[in-house]
Amino acid sequence: MGGIIEACRANNVAVMAIRIFAAGIIATDQRTGRESVLITDTSVAGDERKAKAVFDAIGTDQGTRAQIALRFVLANPDVSCAVIGSAELHHIDEALQAAEMGALLPHVLARLDALYESDFGRV
């Protein structure tokens, strides 16, 4: 398959996951006006569509939206650390709770893989 994470693993290079909340788009429906995208051919609206598809598919029993995002990152053993942003102290508590929950389970990850393969429900 290949990819940057696989190349890092093969060369013993650590991987830091940044922007795991997509500037807040994944973590919450509330918008601040500071949301930004860093990847070409994407938009806030497109990221919102994908986030909605994800949370519709996996439901609400896996934690909050932010916790699910963090747990997704924790599920990848090739990621060395996750850099999270927080605007309020309770965001840190929420992240600690997600870490205690552990990685997303394989059946949830399988649902996410299927969504990714379908362009989040478009195909």
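Derivation of every value follows stated rules applied to the coordinates shown; laboratory data play no part. Bear in mind the structure is a predicted one, so any value in this text is a computation, not a measurement. So basically every Cβ, Gly included, is an ideal-geometry build from the backbone, and we count neighbours across all protein chains shown.
Within region 83-123, whose backbone N sits under 16 Å from a point 7 Å along Cα→Cβ of residue 42? Within reach of a label on residue 42: 83-85, 113, 115-121. Of (i) 20, 18, 12; (ii) 29, 12, 12; (iii) 21, 19, 17, which is the value of semi-axes √(5λ) of the Cα gyration tensor in Å derived from the coordinates here? Label of the calculated value: (iii).
Mind sorting 81, 8 by how few other Cβ atoms lie within 10 Å of their own Cβ, fewest first?
Working: 81 11, 8 15.
Going from least to most buried by this count: 81, 8.
Take the Cα of residue 96, step 7 Å toward its Cβ, do the same at residue 31, and the gap between the two points is 3.3 nm. Once backbone amide H atoms are built at 1.01 Å from N, residue 17 has 80, 81, 82, 83 as its partners under 5 Å, excluding neighbours fewer than 5 places away on the same chain. Separation of region 32-67 and region 10-24 by C-alpha centroid, Å? Cα centroid of region 32-67 versus Cα centroid of region 10-24: 17 Å apart. Taking the helices alone, the chain has a mean residue ellipticity at 222 nm of -14000 deg cm²/dmol, built from -39,500 (n - 2.57) per DSSP H run of at least 4 residues and averaged over all its residues.
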